[in-house]
Amino acid sequence: MNIIEFDQVCTSCNGTGLYQGMAERNGAAVVCHTCKGTGCKHVKIEYESFTSRNNAVGVKMVYRVNPGVVIGENENIKLEDFGGMPVGKWLDGKPFPSGSEDRKHTCPKWWYQSADYRKGPKWEECDEALGVTFSRCPYFATKDQCWKRFEDEAGE
């Protein structure tokens with residue numbers, strides 16, 4: 001175990017020892033709870049040096065992101081239903097292939113909001129649906145067509 005210790009200016013009170021928050025007004029202050037009025041915060045970090053990635057026991061599938069759905073399996077749902085790729089391929093450094101998005105539960109706009117908003121579609125239809133949840137978009141029931149269009153436009 002490695003240890004780093006140092007003193008720094010208290011970030012709660014900017015080193016004054018006195019805290020002025022939204023409840024302390026018109027020249028009022030309280031003794032800073034973080035540094036107990038010293039203006040100094042002692043920091044002690046204990047850490048283990050990195051040598052190699054640890055094994056993730058029990059992991060079968062890896063997903064680029066979670067767009068806000070519960071991912072898991074039961075008698076009716078398989079991990080593959082959420083896209084992703086087998087953990088072995090991920091450990092081998094393989095990139096996420098096209099189709100590894102959670103296309104069953106999300107549309108391209110929803111998925112890429114989490115994965116990489118710059119790569120998401122910039123469609124007028126999506127802009128018109130702003131202000132509603134993705135699942136209430138008028139095109140959500142036919143999201144497979146949105147995924148097809150997204151692939152065609154991306155050239156995949």
Within the range 26-65, which residues are assigned to a loop (DSSP other than H, G, I, E, B) and of a type in the set (Ser, Thr, Tyr)? THR34, THR38, SER49, THR51, SER52, TYR63
As an exercise: evaluate GLU75 against (1) more than 30 Å from SER135 (Cα to Cα); (2) in the same structural domain as GLN113 (by TED's automatic domain parsing); (3) assigned to a loop (DSSP other than H, G, I, E, B) and give the number of the one condition it does not meet. (1)
Selected residue (criterion: farthest from the chain's Cα centre (by Cα)) from residues of the range 65-111 that are polar (S, T, N, Q) and under 26 Å from TYR139 (Cα atoms): ASN76
If we scan the range 96-107, do we find a residue that is touching a strand residue (DSSP E or B) at 6+ places or on another chain (Cβ under 7 Å), small (Gly, Ala, Ser) and assigned to a loop (DSSP other than H, G, I, E, B)? yes
Whichever residue in the range 1-25 is of a type in the set (Ser, Thr, Tyr) and part of a loop (DSSP other than H, G, I, E, B) and, among such residues, is nearest to TYR47 (Cα to Cα): THR11
Failed criterion for GLU80 (all others in (1) assigned by TED's automatic domain parsing to the domain that holds SER135; (2) in a loop (DSSP other than H, G, I, E, B); (3) of a type outside the set (A, V, I, L, M, F, W, C) hold): (2)
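Look at the range 90-124 and say how many of its residues are among the small types (Gly, Ala, Ser), more than 18 Å from ASN66 (Cβ to Cβ) and in contact with an Asp or Glu (Cβ under 9 Å, 6 or more places away or on another chain).
Just the residues of the range 90-124 that are among the small types (Gly, Ala, Ser), to begin with: 93, 98-100, 114-115, 120.
Add one more test, that the residue is more than 18 Å from ASN66 (Cβ to Cβ), and what stays is 93, 98.
From the residues that got through so far, the ones that are in contact with an Asp or Glu (Cβ under 9 Å, 6 or more places away or on another chain) too are 98.
Result for the range 90-124: 1.
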Output the qualifying pairs, or none if there are none: Cβ atoms under 7 angstrom, residues six or more apart or on different chains, first residue in the range 87-100 and β-branched (Val, Ile, Thr), second residue surrounded by 11 or more Cβ atoms within 10 Å (Cβ to Cβ) and not in a loop (DSSP other than H, G, I, E, B). VAL87/MET61; VAL87/VAL62
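Would you say ASP127 is assigned to a loop (DSSP other than H, G, I, E, B) and of a type outside the set (A, V, I, L, M, F, W, C)? Step through it out loud before you land on a result.
Details: assigned to a loop (DSSP other than H, G, I, E, B): no; of a type outside the set (A, V, I, L, M, F, W, C): yes.
Here the answer is no, as ASP127 does not meet what is asked.
Looking at the range 130-146, can you tell me whether even one residue there is hydroxyl-bearing (Ser, Thr, Tyr) and under 30 Å from ILE4 (Cβ atoms)?
Start the filter on the range 130-146 by keeping residues that are hydroxyl-bearing (Ser, Thr, Tyr), which leaves 133, 135, 139, 142.
Among the residues that remain, those that are also under 30 Å from ILE4 (Cβ atoms) are: none.
Looking for residues that are hydroxyl-bearing (Ser, Thr, Tyr) and under 30 Å from ILE4 (Cβ atoms), one finds none in the range 130-146, hence no.
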Name the residues in the range 1-46 that are among the acidic types (Asp, Glu) and without any contact (Cβ under 8 Å) to a residue 12 or more places away in the chain, would you? GLU24
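The values are calculated or read from the model by the stated rules, or taken from the named source; none is laboratory data. In this text, all values refer to a predicted model and were calculated from it rather than measured experimentally. Here Cβ is always computed from backbone atoms with ideal geometry, including for glycine, and neighbour counts include all displayed protein chains.
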